[in-house]
Amino acid sequence: MDMPLNFSGGADAAPVQAEPDFIAAVDLGSNSFHMIIARVTDGHLQVIERMREPVRLAAGLNERGRLGKAAQRRALACLERFGQRLRALPYGRVRVVGTNTLRRARKAEEFIAAAESALGHPIEVISGQEEARIIYLGVSHSLAPSAERRLVVDIGGGSTELIIGESFEPVHMESLYMGCVSMTRQHFPDGAITRSAVARAELAARVELEAVENRFRELGWQAAIGASGTMLAVAEVTRAARWSEGDITRPALQKLRKALIAAGHVRKLSLPGLSAERAQVFPGGVAILLAVFDALGLERMGTSEGALREGLLYDLIGRIRHEDVRERTVRALSVRYHVDERQADRVERTALACLAQVARDWDCTEAEDADMLRWAARLHEIGLAIAHSQYHKHGAYIVANSDLAGFSWREQRLLAALIRGHRRRFPEEVFAELPPSLVTKAQRLCVLLRLAVQLRHSRSDTAIPDFRLSASEKGLRLRFPKGWLERHPLTRADLAQEAQYLAEAKIELKFA
């Protein structure tokens, strides 16, 4: 598969390096885990290897919403195999995302830590909206360029994403809490496929679609595209059975519905082009697709080979080329909540100057560390749009609960924690809720943000003199030119108050 690199950045976008460069993406789906490795060269993305294993993670969720031991063993064994192929790739060249099942799983931190160890790369659990955005990115780059508005539907194991987009940009997105695995488990639990069970499954899907279908119909589209396993399987079955010529059509779907009921059980499904593995979750997926056709008035749907995994590759290339969608998200939030851009710029520059002096000693040397500190500086005052009182808490709530394109759940929680902790009492309990591997780094980044806010408390463009900042396990030591603090008593008072706040959290701040 050889795909041209099409970016919405246009002619001003930076060129891809001429030398071949390998990148990879891993999708920890509810039904299967997928890995794709590709090479970027001469403006094209060339897929080198694909791996897929039917882990059935969603089937491993017990009644308490926790992953069972058997499902964890299957998942970790798969990721060990993936890891053997990925360990040679450097940090930042592999994106690994968890979707619906890991969003739902309770107390999954220990499993995710083990999974990261098996892979050798960090795992991001992403929201349904972020999953929809990345799916559209993958689909739009896998199809011929077109100015027409497209409807994209992706039926996964645990969720269904619907997106309307133009060119490479989504216009409207929804992620619904239904998928081929969950629908099959709920309505075909023993594998029996009866007319009444199919009808119940279709009705359940229509209920999920009811709240969103009018908005999609209002927006409209010129072409409908299906992506991922269920869609590709339906297209293959209906084509092989000669019910359609490649696209999924309403008459072909009705024939498929009759064939499922006639088979009577998943073990008896012998449809051409349908694997035994896909058959296990096929009834639920078909029921959802039938409901989508009815709810949106569809007659025909094409398919795309590209979806979430391909979208991850293109999103990763965007980050490497400094076309990170997270930058756009932060800018949009700044505008929406009327951030004082001049003050945000002052705090950002000062925070990064602090980080540059202590990054090595405080183990904050990754590019992502600087990015998170920078974005927190840009957004630390967004809560002022709600109220001045407790605005750090308002800002943290906004960031933690908004759909932030490009950000994983972990990144959102970290960014919210930095904003929550940038003033007043140092909230140790907030950082304790982060994954254990993030706590120390998050606290240190927050201390640097707090220091920058204090040094820029006057909201003045007057330059701060060159200062020296050193770090130790205990905290920070800040030194100004001789006599400067005496000439700036308000800054001295601000730093004295800050030292007291940090001391309550057993963090030392000394200054002179």
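The values are calculated or read from the model by the stated rules, or taken from the named source; none is laboratory data. In this text, all values refer to a predicted model and were calculated from it rather than measured experimentally. Note that we place each Cβ from the backbone using ideal geometry, even for glycine, and neighbour counts take in every protein chain shown.
Things worth noting here:
- Flag for ARG444 being loosely packed, with under 15 Cβ neighbours inside 10 Å, assigned by TED's automatic domain parsing to the domain that holds THR350, more than 24 Å from ARG342 (Cα to Cα) and basic (Lys, Arg): no
- Which numbered condition ARG425 misses (of (1) of a type in the set (Lys, Arg); (2) surrounded by fewer than 20 Cβ atoms within 10 Å (Cβ to Cβ); (3) without any contact (Cβ under 8 Å) to a residue 60 or more places away in the chain): (3)
- Meets criteria (over 19 Å from the mean Cα position of the chain (by Cα) and not assigned by TED's automatic domain parsing to the domain that holds ILE112) for VAL399: no
- The residue list VAL139, VAL207 contains one member that is without any contact (Cβ under 8 Å) to a residue 12 or more places away in the chain, within 26 Å of THR101 (Cβ to Cβ) and of a type in the set (Val, Ile, Thr), which is VAL207.
- Considering (1) over 19 Å from THR329 (Cβ atoms); (2) in contact with a His (Cβ under 7 Å, 6 or more places away or on another chain), the lone condition that ARG425 does not fulfil carries the number (2).
- Residues of segment 49-95 that are over 13 Å from ALA118 (Cβ atoms), hydrophobic (A, V, I, L, M, F, W, C) and assigned to a helix (DSSP H, G or I): ALA58, ALA59, ALA70, ALA71.
- Enumeration of residues in segment 184-222 that are surrounded by fewer than 17 Cβ atoms within 10 Å (Cβ to Cβ), of a type in the set (Lys, Arg) and either modelled with pLDDT of 95 or more or in contact with a His (Cβ under 6 Å, 6 or more places away or on another chain) (or both): ARG195, ARG200, ARG215, ARG217
- Selection count where residues are more than 13 Å from PRO170 (Cβ to Cβ) and over 14 Å from the mean Cα position of the chain (by Cα), scope segment 101-140: 18
- Annotation note: of GLY273, GLY246, GLY285, the sole residue that is assigned to a helix (DSSP H, G or I), more than 15 Å from ALA192 (Cβ to Cβ) and either in the same structural domain as ARG300 (by TED's automatic domain parsing) or under 32 Å from the mean Cα position of the chain (by Cα) (or both) is GLY285.
- Criterion applied to ALA471, ALA499 was being touching a Phe, Trp or Tyr at 6+ places or on another chain (Cβ under 9 Å), within 18 Å of PRO427 (Cα to Cα) and in the same structural domain as ASP363 (by TED's automatic domain parsing), and the one residue passing it is ALA499.
- Some residue of segment 79-99 being of a type in the set (Asp, Glu) and either at pLDDT below 95 or surrounded by 23 or more Cβ atoms within 10 Å (Cβ to Cβ) (or both): no
Residue-by-condition table, conditions (1) touching an Asp or Glu at 6+ places or on another chain (Cβ under 9 Å); (2) under 20 Å from SER140 (Cβ atoms):
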residue	(1), (2)
ARG250	yes, no
LEU260	no, no
ARG267	no, no
PRO283	no, no
LEU298	no, yes
GLY302	yes, yes
GLY306	no, yes
TYR314	no, yes
ILE317	yes, yes
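- Test: residue in segment 485-494 that is under 26 Å from ASP363 (Cα atoms) and of a type outside the set (S, T, N, Q): no
- Filter pass, GLY65 being at pLDDT below 95 and either among the aromatic types (Phe, Trp, Tyr) or surrounded by fewer than 18 Cβ atoms within 10 Å (Cβ to Cβ) (or both): yes
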